[in-house]
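Below is one structure, written out as structure tokens, with a few remarks after it.
The values are calculated or read from the model by the stated rules, or taken from the named source; none is laboratory data. Since we're looking at a predicted model, the values are computed, not measured. Cβ atoms come from the backbone with ideal geometry, glycine included; neighbour counts cover every protein chain shown.
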Amino acid sequence: MFNRMFKTPTSLRTKLSLLAAGLIVSLTAAAIPPAGPGQSQTYTYYSDATRTVVVGGWSYGSCGEPFDWGDHTRYFTIRTVNCGSNPQP
């Protein structure tokens, strides 16, 4: 319908590429684990697969202030922190 409105042809290759891109974004978003009540998720990012040089960090949830610093790479670890029955607001 969009193509008819602007009278531009869209190839099957373009449509499939857009579909694949949308799926990748959806799967990536689904891969982020939610922090439960009284929990935080902390990601530590490393420069390479040896995981010896820390280059960034990200934390979210109920246990303290969220933070996000440095670089996000494909080499990371995830740590779940439980802060008990009295999480900070």
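Restricting the search to strands (runs of 3 or more DSSP E) fully inside the chain and requiring at least 2 residues that are modelled with pLDDT of 80 or more, under 13 Å from the mean Cα position of the chain (by Cα) and surrounded by 10 or more Cβ atoms within 10 Å (Cβ to Cβ) gives 39-46, 54-61, 76-82.
Residue pairs whose Cβ atoms lie under 8 Å apart, separated by 6 or more positions or on different chains, with the first residue in the range 47-67 and touching a residue at least 40 places away in the same chain (Cβ under 8 Å) and the second loosely packed, with under 11 Cβ neighbours inside 10 Å and assigned to a strand (DSSP E or B), do not occur.
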